[in-house]
Structures are given as structure tokens and as C-alpha cells.
Amino acid sequence: GQEPSQPEPKVKIDWKVGPTVGQLGDIAEINIPKGFEFSGKKGAQRVLQITHNLTSGNELGVVVPDKGNWYMIFEFDDTGYVKDDDGSKLDADAIMKSIRDNTEAANEERKKRGWRAFHVNGWEKPPYYDPQTHNLTWAILGRSDEAGDKGSVNHSIRILGRRGTMNVDLVVTPKEYEASQAQLAGLIGGFQYKEGSRYSDFMAGDKVAKYGLTALIVGGAGAVALKTGLLAKLWKFIVIAFVALVGFIKKIINAIRGKEERIEDPNQQAPVQGQ
């Protein structure tokens, strides 16, 4: 059921200021250089709550820059070892059609929660797999139904590991997207799985995911939700929602940094508890 809407309390996120090392659970870590701040699992979940997203329990960390209006969430999906056989034959057009269809279906769930609908405009960066780093990267341009919304970019990276994928999602305005890319590349260059969790540590008998790279982009387990009736439970995972509305993102970032009491959104209803 729904709980009555409560005012957002003043945000209290435990930020570690760079230079430091951010621990992503017991599976990975990331170097946080000067100019950035890191918070672990609780901080990442708090950021998702501030941005009106349900938490999955898989969150491990969040990074924000001292300057710039974006944030990056880390979640680990323990679906098992994802084979990368289809890395050189990703069909961008077919994948985009699937993402659009799934996003519109997920909008039905968003409406039930009183959240704005989101629509996918197209690729900001088509999907690309790097067989050396085992990183799968793509970026989608989308917009909400809010009047005057110029859109936002969701830049996604899936870092393949032995037991699953580290899901890295950056939310940024189109205007700041290009400037954020050098920062993002530097941060991801400082990411590493711990000994025993790397892609190359795979051993016979390990759990293997039931899908490949294409399904990772269209949502992994969520990609089958439309056919199995699980949409109501998995809609959040079909496509990471374009949670930061232009004109709203700066306020979100300030709230994340603890500089604002709360975020006012008259269209927001209390999220449904549980999934």
C-alpha cells in the first residue's frame, strides 16, 4: 500500500572527499580524485530517494563532482557471468526500438505512482563494447512530459565481472554531457574489481547469466517482463529512468550535497513500498 507523503528531511549523506578510495561493497573499489565526493550504499540509496526512484538494494555507491550538475550511481547485479559473444554485433536500431517500447510500457507504472512519464528521443551514444576492459557503454537522450523540459542524458556503463555486472549510471543535462565525459573516463579508469571478482577470474562451474550484452542494454531481466507479467515489479530496471529533470537537476544536486532542506515536487506521490 501507499504511505502518507512526508516532507523530505534535511539530507544527511556521509560524503568522503577526494582524494580517497571508495569501497563498492566487498567486490570492487574506485579511486576518487580531488574534486569529487563519494558515498557508499546508504548515500546511494538516499540519492535515489531524493530523485524519486525506488531503491533495489543493489546500490553500492554514488559519486558527485564538486563542480558540475551530475551524479553517478553504482549498483551490482549478481546475475552471474555475462558472455560477451555478441559484443561485435550489437544492433543499435533494434535495441533502440526495444528500449522505446519498454519505456512506454514502464510509463504506465510511473503514472500509477503519480510520477511524470518519460520518453526516449534516441541515442546520444550508440552501444559499444570494449573487449579489453569488458566495459559495455551507451547513452540515451530522453525527456519528461514536463513543460519546457529540454531533456537529460543517461550515460550507462556495464562493467562485466565474474559474478555479474557493475552497473554505472550517470545522469546529466545535454548541455553538460560532453564536459562530463572526460571526468567520467578518469573515474572509470580508477575502478577495479577486487581479486577473485574480475571477469578473468571466471572458473568452470560459476553461475552464467541467461542473457548476453544486448539484453543488458534493454534491461536484462526486465526485458522479459512484458511477456511474463512481471512488469509491475521490474519496471524500474527496464530502463534507468531519466530521473533528473532539466531545471530540477541543479536543485537535486544541491539537495544531495546537503545545501537544501528538501525538494518540492507537487506531482510527486509517496512511492509504493516494496516491489
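The values are calculated or read from the model by the stated rules, or taken from the named source; none is laboratory data. Given the structure is predicted, the values throughout are model-derived calculations rather than measurements. Here Cβ is always computed from backbone atoms with ideal geometry, including for glycine, and neighbour counts include all displayed protein chains. When the accessible area is computed, the model is the full protein with side chains, heavy atoms only, and any ligands, DNA or RNA have been set aside. Shrake-Rupley method; radii C 1.70, N 1.55, O 1.52, S 1.80 Å.
If you filter the range 126-138 down to residues that are over 16 Å from the mean Cα position of the chain (by Cα) and aromatic (Phe, Trp, Tyr), you find that the one that is surrounded by the fewest Cβ atoms within 10 Å (Cβ to Cβ) is 128.
None of 168, 120 is closer than 18 Å to residue 24 by Cβ, in contact (Cβ under 8 Å) with a residue 40 or more places away in the chain, of a type in the set (A, V, I, L, M) and not in a helix (DSSP H, G or I) except 168. Go over the candidates 137, 133, 103 one by one and state the one that is of a type in the set (S, T, N, Q) and part of a strand (DSSP E or B). One residue alone meets the criteria, 137.
Pick from the range 74-88 the residues that are touching a helix residue (DSSP H, G or I) at 6+ places or on another chain (Cβ under 9 Å) and surrounded by fewer than 17 Cβ atoms within 10 Å (Cβ to Cβ): which of them is farthest from residue 162 (Cα to Cα)? Selected residue: 86. Put simply, of 180, 156 the only residue that is hydroxyl-bearing (Ser, Thr, Tyr), touching a Leu at 6+ places or on another chain (Cβ under 8 Å) and assigned to a strand (DSSP E or B) is 156.
Within the range 16-35, residues that are free of Cβ contacts under 8 Å to residues at least 60 places away in the same chain have Cβ atoms under 8 Å from residues that are open to solvent by less than 80 Å² (accessible area, probe 1.4 Å) and hydroxyl-bearing (Ser, Thr, Tyr) in these pairs: 16/39, counting only partners at least 6 apart in sequence or on another chain.
The residues in the range 139-153 that are in contact (Cβ under 8 Å) with a residue 24 or more places away in the chain and open to solvent by 10 Å² or more (accessible area, probe 1.4 Å) can be counted, and the count is 7. In the set 115, 123, only one residue is crowded, with 19+ Cβ neighbours inside 10 Å, at negative phi and not hydroxyl-bearing (Ser, Thr, Tyr); that residue is 115. Taken over the range 93-112, the criterion of being of a type in the set (Asp, Glu) and either touching a Gly at 6+ places or on another chain (Cβ under 8 Å) or surrounded by 17 or more Cβ atoms within 10 Å (Cβ to Cβ) (or both) is satisfied by 109 alone.
It is to be established whether one or more residues within the range 51-73 are of a type outside the set (A, V, I, L, M), in contact with a Lys or Arg (Cβ under 8 Å, 6 or more places away or on another chain) and open to solvent by 20 Å² or more (accessible area, probe 1.4 Å). Yes - at least one qualifying residue is present in the range 51-73. Considered as a group, the residues in the range 164-177 that are under 18 Å from the mean Cα position of the chain (by Cα) and open to solvent by 30 Å² or more (accessible area, probe 1.4 Å) include one that is nearest to residue 36 (Cα to Cα), and that residue is 176. The condition (being out of contact with any Ser or Thr (no Cβ under 7 Å at 6 or more places or on another chain), modelled with pLDDT of 85 or more and buried (at least 16 other Cβ atoms within 10 Å of the Cβ)) is satisfied by just one residue among 226, 184: 184.
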